[in-house]
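Where a number appears in this text, it was derived from the coordinates with a stated rule and is not lab data. Since we're looking at a predicted model, the values are computed, not measured. Cβ atoms come from the backbone with ideal geometry, glycine included; neighbour counts cover every protein chain shown.
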Amino acid sequence: MALNRPIAPLVHGDHSVRGVMVRVLYALVPALLVYIGFFGFGILIHMVLAVVVAVAAEALMLWLRGRPVRPFVSDGSAPVTAVLLCFALPPLAPWWITVIGVLFAIVVAKHLYGGLGNNPFNPAMAGYVLLLVSFPLPMTTWPVAFTVSGEYPGPLMSAAIIFLGPDGVASWDAITGATPLDLMKTQLGLNQVVPEIAAHPVFGDFGGKGWEWLANAFFLGGLWLLYKKVITWHIPVAMLGSLFLMSLVFAAIDPGSHPSPLFHLFSGGAMIGAFFIATDPVSAATSPRGRLIYGAGIGILTFVIRTWGGYPDGVAFAVLLMNMMVPTIDYYTKPRVFGHGPGHDHGRG
Amino acid sequence: MSTRTGDFPGGLHLDGHKALSSGRAVEAMPVPPVLVFPLHQHIGEPAVPVVEVGERVLAGQLIAQAGDYVSAPVHASTSGRVTAIDKRPVPHPSGLHAECIVVEADGEDREASFEAPGDFDAMDLSALRNRIREAGIVGMGGAGFPTFIKLNPGPQGNIDTVVLNGAECEPYITCDDRLMQERAADVVGGAVVIRHAVGAGRCIIGVEDNKPQAAAALRAAARDGVTVQTVVTRYPAGGEKQLIKILTGREVPSDGLPLNAGVVVQNVATAAAIYQAVGEGRPLMSRVVTVTGPGVAEPRNLEVRLGTPMADVLRHCGADPAAVGAVVVGGSMMGFAIDDVASPVVKTTNCLLVDLAVDDADQPQMPCIRCGACVEVCPQLLLPQQLYWYAKSRDFDKVQDYSLFDCIECGCCNFVCPSHIPLASYFRFAKNEIWAQERERLRADRARERHEFNLARKEQEERERQERHRRKKARLKEPADAAEPADPKKAVVQEALKRAQARKEGLESGTEGTEKRQ
């Protein structure tokens with residue numbers, strides 16, 4: 001009599017790729033609410049568009065590659081890429097910015113490299129950097145928090161700007177303005193000192209008005225991901241720690257031309273980068289020690305690019321640069337296997 | 001980390017499902033009508049039958065003797081008549097049939113007479129090991145390695161610690177739990193014998209802290225310095241290397257044995273069997289088996305005669321052997337499914353897990369997303385995601401660079417993988433492929449050596465032939481007289497010929513006929 005033959009282990013934990021992706025999306029909800037609260041509905045419109053394009057592009061690429069469409073489309077990885085990209089885009093940018101960015105992320109950065117699990121570069125950051133270098137003007141036209149401008153872009157106004165352009169919107173000039181990181185960079189370039197620049201109304205307590213609350217929301221979501229064991233502490237701690245240390249050292253040496261460490265942590269992409277971008281497992285280092293090195297590299301490069309580079313923020317470039325380092329980091333950070341090497345001296349302890 | 005006792009890296013908190021079967025005392029299962037004794041129930045060479053078809057046997061009678069040093073004898077577990085010696089289904093992951101002795105029980109269950117050897121303290125150590133060997137005792141935790149070999153401390157004799165494994169970390173299995181509760185004195189007695197046999201100073205019985213009654217029973221029975229230590233309930237705390245780490249803080253070297261860490265580990269059931277063998281002279285005839293799982297109406301622990309077909313055991317527990325879907329030998333993490341419920345209970349059968357639905361059977365396998373969940377749970381501190389990558393691409397050099405052979409196949413990585421990749425299967429596959437390649441390489445080496453030897457022999461023959469040829473040619477070219485004196489034999493022959501010639505000439509004058517005949 002032949003029985004069927006299950007293969008051990010017969011039990012499996014409650015883990016799935018979909019579960020991981022869905023939790024990442026949940027963790028972004030507070031940040032989304034804060035974002036909408038300070039900068040209007042633009043991001044939500046972009047996000048809906050981005051998710052639709054991402055899922056369609058994912059399905060098309062899977063079909064072209066002859067892969068099973070249903071399990072992969074429903075794994076949630078494409079929406080995560082789309083949503084993360086939207087957090088990096090100016091919320092009132094024209095609609096085609098999102099479409100191009102998402103298509104590049106899904107089609108080129110993800111599927112041309114082999115799809116889920118095989119892409120060496122973080123797809124959202126690859127899409128963002130493509131847009132940043134190709135379309136610098138729309139990519140650097142940011143709104144300021146409505147608490148500063150007094151104008152809140154509601155759903156209709158946001159949709160009009162995104163799909164029809166800002167020409168018909170009278171308050172466009174009031175809505176847009178330099179981001180805190182941008183302002184800091186240009187003013188430092190004009191030989192202003194940090195305390196003078198920080199007196200500008202866009203600055204809040206640590207970073208920019210609105211932006212610092214957004215960073216808090218990312219931090220909160222990140223803590224929840226840690227609690228849920230979707231991510232480990234290594235990359236966020238290493239990245240934020242190294243960014244903090246670098247900026248602390250330089251701010252201590254020359255406080256006039258270097259903003260405070262807290263400004264660095266609560267501005268731009270530092271928080272979302274540390275908890276949501278750099279922790280993308282596919283393109284990150286994989287061993288605990290490797291993750292510390294990888295995270296620290298991103299933190300250091302972010303500081304270097306922000307301080308001496310041509311762009312106000314450097315998180316995306318830092319992530320992509322460290323993505324390239326991952327195979328090397330992984331190779332040199334193999335953990336000591338149980339029963340190997342020093343530390344057990346034939347077990348006599 | 002290496003010197004800290006009390007814990008091991010990685011591991012999982014699993015739902016043990018032990019309450020299903022742990023509540024009831026062990027009951028003896030009735031002797032079945034027909035028993036099947038595989039000759040190969042252990043690691044090493046199969047045993048060799050010493051009975052013939054038709055012969056009557058008694059319970060405890062030797063029916064097959066050890067086939068080699070690494071082997072173990074087999075005893076009948078009840079009285080009856082040998083009806084066949086042929087290939088039958090056996091509980092083995094391969095599903096292959098193997099040689100078995102089949103005994104039809106006579107229902108009388110008469111025992112052979114056992115001779116208690118007396119005080120083990122007074123016994124010669126090698127006689128003590130031999131007694132254990134003759135009792136057919138092998139590792140009863142599942143591995144089945146002949147116990148007497150592990151009790152040989154070797155020439156260095158550097159074993160200072162005996163560890164009894166009562167962790168029983170696998171889900172569903174409770175046979176050791178019940179055994180420790182009900183036969184604590186036997187377990188402790190076996191521990192004392194083992195410690196004496198290997199000349200160790202201390203003996204620790206490790207019990208997972210989810211079995212407080214077992215630990216209490218052992219503590220009550222503890223004597224002669226045997227200690228009981230509860231260990232963290234985290235799978236695989238009962239892995240040999242993990243338990244040694246927990247109890248002693250030592251790491252078994254990667255390419256070594258527990259012996260190399262000064263430790264010998266035995267399962268608690270093995271210890272109880274040793275106590276019986278040494279104290280009463282009884283060979284291994286039965287064992288406690290957990291019968292559990294959704295397919296069993298009355299999950300429980302049974303004392304089962306070795307050789308009892310699993311179908312009988314299932315029937316005894318209220319499961320219809322013809323209707324069950326899957327029977328797994330062992331627990332839900334490391335057990336293996338059998339093909340045929342006619343397979344008998346053997347020395348290593350600790351648990352029959354019936355009809356456990358595979359949790360993720362309906363989950364599609366997704367690509368590895370390198371999340372590292374497997375790294376966090378690996379008790380051997382491996383990088384399963386890298387091993388998987390290389391095993392999948394059949395890069396068997398790289399997979400060994402990442403220490404494939406340190407994998408204990410506990411399945412923790414498999415359990416946590418969000419992509420539902422059967423990692424443990426990939427690692428078993430890679431190991432088997434490497435072993436196959438190794439065997440192939442050895443075979444090729446031997447063939448090459450034979451071929452090279454053959455070529456060398458032919459060359460040598462050719463050289464010798466040419467040498468002979470050359471000499472012959474040279475001899476023909478040289479003048480005859482120059483060569484001849486050099487050869488004393490030829491000179492003698494020449495001499496004799498001359499003498500014969502002279503004699504012939506003398507005779508010739510007298511007889512014509514002689515000359516004609518020549």
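What does the net charge come to around B:VAL188 if you take all other residues with beta carbon closer than 11 Å to its beta carbon, with K and R at +1 and D and E at -1? Intermediate results must be reported in sequence, preceding the final value.
Working: positive: B:ARG183, B:ARG195, B:ARG219, B:ARG223; negative: B:ASP186, B:ASP224.
Counting the neighbours of B:VAL188, the net charge comes to +2.
Under 25 °C and 0.890 mPa s, how fast does the stretch A:87-160 diffuse according to Stokes-Einstein, given a Kirkwood radius computed over C-alpha pairs? Answer in µm²/s, whole number.
Roughly 180 µm²/s, to the nearest whole number.
Determine the percent antiparallel among the DSSP beta bridges restricted to the protein assembly as shown, to the nearest 5. Present the calculation step by step, with values, prior to reporting the outcome.
Details: 38 of 61 bridges.
About 60 percent, rounded to the nearest 5.
Taking amide hydrogens as modeled 1.01 Å from N in the peptide plane, which residues meet the under 5 Å criterion relative to B:GLY249, leaving out close sequence neighbours?
B:GLY6
Counting other C-beta atoms within 10 Å, and keeping those with at most 15, which DSSP coil GluC sites (Glu not before Pro) do you find in the stretch B:203-293? Kindly include the intermediate steps, with their values, before the conclusion.
Details: sites: B:GLU208, B:GLU240, B:GLU251, B:GLU280; in loops: B:GLU251, B:GLU280.
Listed in order of number, the matching sites are B:GLU280.
Counting only other chains, and only Cβ atoms inside 10 Å, what mean value do you get across the residues of B:345-357? Could you put the intermediate results ahead of the total?
Working: counts 0, 0, 0, 0, 0, 0, 0, 0, 2, 0, 2, 3, 3.
Taking all residues of B:345-357 together, the mean is 1.
With each label point set 7 Å from Cα along the Cα-Cβ vector, what nm distance links A:TRP63 and B:ARG503?
Taking the simple label geometry, A:TRP63 and B:ARG503 are separated by 11.4 nm.
For a protection proxy built on the mean count of beta-carbon atoms within 10 angstrom, sort B:497-504, A:17-24 highest first, please.
On the way: B:497-504: 10.2, A:17-24: 20.2.
Packing proxy ranking, top to bottom: A:17-24, B:497-504.
For the stretch A:170-240 and the stretch B:431-466, compute the distance between their C-alpha centroids and round to whole Å.
72
For B:368-380, what's the mean count of beta carbons from other chains sitting within 10 Å of each residue's beta carbon? Intermediate results must be reported in sequence, preceding the final value.
Working: counts 7, 12, 11, 14, 11, 7, 1, 7, 3, 1, 3, 1, 4.
Per-residue shielding by partner chains comes out at 6.
Quickly rank B:263-271, B:81-89 as a protection proxy: mean count of other C-beta atoms within 10 Å, highest first.
Working: B:263-271: 28.0, B:81-89: 16.4.
Per-residue Cβ counts within 10 Å, averaged per peptide and sorted highest first, yield B:263-271, B:81-89.
Note the count of lysine pairs whose C-alpha atoms are less than 23 angstrom apart in the stretch B:19-353, limited to pairs 8 or more residues apart or on different chains. Don't skip to the end; give the middle numbers.
On the way: B:LYS87/B:LYS347; B:LYS150/B:LYS241; B:LYS150/B:LYS245; B:LYS150/B:LYS347; B:LYS211/B:LYS241; B:LYS211/B:LYS245; B:LYS241/B:LYS347.
Number of lysine pairs found: 7.
What is the stretch A:208-333 by shape, rounded, prolate or oblate, if you read a ≥ b ≥ c off the alpha carbon gyration tensor as root eigenvalues and call it rounded for a/c under 1.5, prolate for a/b larger than b/c, and oblate otherwise?
Numbers: a/c = 1.94, a/b = 1.29, b/c = 1.50.
In terms of gyration-tensor shape, oblate.
Which aspartates and glutamates, on any chain, are close to B:LYS490 with Cα under 17 Å apart, when same-chain ones fewer than 8 places away are left out?
Answer for B:LYS490, where 17 Å is the Cα cut-off: B:GLU478, B:ASP481, listed by chain and number.
With the Cα gyration tensor of chain B giving a ≥ b ≥ c as the square roots of its eigenvalues, does the rule (a/c under 1.5 for rounded; else a/b larger than b/c for prolate; else oblate) give rounded, prolate or oblate?
Details: a/c = 2.50, a/b = 1.97, b/c = 1.27.
In terms of gyration-tensor shape, prolate.
Can you tell me which of A:GLY221, A:GLY208, A:GLY154 moves the most in a GNM of chain A? Springs connect C-alpha atoms under 10 Å apart.
Answer for the Gaussian network model of chain A: A:GLY154.
Can you give me the Cα centroid spacing of the stretch A:38-63 and the stretch A:245-285 in angstrom?
28
Give me the dipole magnitude in Debye, nearest 20, for the stretch A:1-133 about the Cα centre, with unit charges on the beta carbon: positive for Lys and Arg, negative for Asp and Glu.
Values: 7 positive and 3 negative charges, 63 e Å.
So the magnitude is around 300 debye.
Order of B:44-51, B:166-173, B:419-426, A:61-68 by packing, highest average Cβ count within 10 Å first? Kindly include the intermediate steps, with their values, before the conclusion.
Details: B:44-51: 18.2, B:166-173: 29.1, B:419-426: 21.4, A:61-68: 13.4.
Ranking, from highest mean packing down: B:166-173, B:419-426, B:44-51, A:61-68.
Any idea what Rg and Dmax come out to for the protein assembly as shown if you just take the C-alpha atoms, in Å?
Expressed in Å, the Cα Rg and Dmax of the protein assembly as shown come to 39.4, 159.
Can you compute 3J(HN,Hα) from phi for each residue in the stretch B:165-176, using the Karplus curve 6.51 cos²θ - 1.76 cosθ + 1.60 with θ = phi - 60°, rounded to whole Hz and x for Gly and Pro?
8, x, 5, 6, 7, 5, x, 6, 7, 9, 5, 6
Are there any trypsin sites (Lys or Arg not before Pro) in the stretch B:215-320 that are in a DSSP loop and have at most 13 other Cβ atoms within 10 Å? List them by number.
Values: sites: B:ARG219, B:ARG223, B:ARG234, B:LYS241, B:LYS245, B:ARG250, B:ARG287, B:ARG300, B:ARG305, B:ARG315; in loops: B:ARG223, B:ARG234, B:ARG250.
Within the stretch B:215-320, the qualifying trypsin sites (Lys or Arg not before Pro) (loop, at most 13 other Cβ atoms within 10 Å) are B:ARG223.
Give a residue-ordered list of calculated ³J(HN,Hα) values for the stretch B:83-94 (Karplus: 6.51 cos²θ - 1.76 cosθ + 1.60, θ = phi - 60°; whole Hz; x for Gly, Pro).
Whole-Hz 3J(HN,Hα) from phi for the stretch B:83-94: 9, 6, 10, 7, 7, 9, x, 10, x, 9, x, 6.
Out of all DSSP beta bridges in chain B, what portion is antiparallel? Express it as a percent rounded to 5. Don't skip to the end; give the middle numbers.
On the way: 34 of 57 bridges.
Of the beta bridges lying entirely in chain B, close to 60 percent run antiparallel.
Could you point to the residue in A:THR328, A:ALA316, A:LEU248 farthest towards the positive end of the stretch A:208-333's charge dipole, with +1 and -1 charges on the Cβ of Lys/Arg and Asp/Glu respectively?
So the residue we want is A:THR328.
Among A:TYR128, A:TYR152, A:TYR113, whose mean-square fluctuation peaks in a Gaussian network model of chain A (Cα, cutoff 10 Å)?
Top of the fluctuation ranking is A:TYR113.
Looking at the stretch B:102-139, which GluC sites (Glu not before Pro) are DSSP coil and have at most 15 other C-beta atoms within 10 Å of their C-beta?
Passing both the DSSP loop test and the Cβ count: B:GLU108, B:GLU115.
Hey, could you grab the Kirkwood Rh for the stretch B:364-502? Inverse mean 1/r over distinct alpha carbon pairs, Å, one decimal.
Values: mean 1/r = 0.0471 Å⁻¹.
Result for the stretch B:364-502, one decimal place: 21.2 Å.
Quote the FRET efficiency, to the nearest 0.05, computed for B:ARG439 versus B:THR83 with a Förster distance R0 of 41 Å and r equal to the Cβ-Cβ distance.
Working: r = 37 Å, r/R0 = 0.90.
The calculated FRET efficiency here is 0.65.
First select every other residue whose beta carbon is under 15 angstrom from the beta carbon of B:PRO38; then total the charges, Lys and Arg +1, Asp and Glu -1.
Working: positive: B:LYS87, B:ARG88, B:ARG287, B:ARG305, B:LYS347; negative: B:GLU45, B:ASP86, B:GLU99, B:ASP339, B:ASP340.
Summing Lys/Arg as +1 and Asp/Glu as -1 gives 0.
Which whole-number percent is the relative contact order of chain A (Cα, under 8 Å, 6+ apart)?
Values: 517 pairs, mean separation 60.9, N = 349.
Once divided by the residue count of chain A, the mean separation gives 17 percent.
Please list 3J(HN,Hα) in residue order for the stretch B:259-275, calculated via the Karplus relation 6.51 cos²θ - 1.76 cosθ + 1.60 where θ = phi - 60°; whole Hz, with x for glycine and proline.
3, 5, 9, x, 10, 10, 10, 10, 6, 4, 5, 4, 4, 5, 5, 4, 4
Would you please report the Å³ per residue occupied by the convex hull of the alpha carbon atoms in chain A? Walk me through the numbers on the way to the answer.
On the way: hull volume 61.4 nm³, N = 349.
Taking only Cα atoms, chain A has a hull volume of 176 Å³ per residue.
Just checking the output field for A:283-295: average partner chain Cβ neighbours within 10 Å of each residue's Cβ? Display every interim value, and only then the final one.
On the way: counts 2, 3, 2, 9, 6, 3, 0, 3, 2, 0, 0, 0, 0.
Taking all residues of A:283-295 together, the mean is 2.
Which far-off residues, 5 or more places away or on another chain, put their amide H under 5 Å from the one on B:ARG110, with H placed in the peptide plane?
The list, which skips near neighbours in sequence, is B:ALA59, B:SER79.
Determine the dipole magnitude for the protein assembly as shown: charges of +1 sit on the beta-carbon of Lys and Arg, -1 on that of Asp and Glu, nothing else is charged, the reference point is the Cα centre, and the result goes in debye to the nearest 20. Show your work: numbers first, answer last.
On the way: 77 positive and 84 negative charges, 471 e Å.
Its charge dipole is roughly 2260 debye.
Set the Förster radius R0 to 60 Å, insert the Cβ-Cβ distance between B:PHE114 and A:THR328 as r into 1/(1 + (r/R0)^6), and round the FRET efficiency to 0.05. Kindly include the intermediate steps, with their values, before the conclusion.
Details: r = 66 Å, r/R0 = 1.11.
FRET efficiency, B:PHE114 to A:THR328: 0.35.
Considering amide H positions built from the backbone, and no H for Pro or chain starts, which residues 5 or more places from A:ALA284, or on another chain, come under 5 Å of its amide H?
none
Got a sec? Charge dipole of the protein assembly as shown, +1 on Cβ for Lys and Arg, -1 for Asp and Glu; which of B:VAL192, B:ALA311, A:PRO120 is way out at the positive end?
A:PRO120
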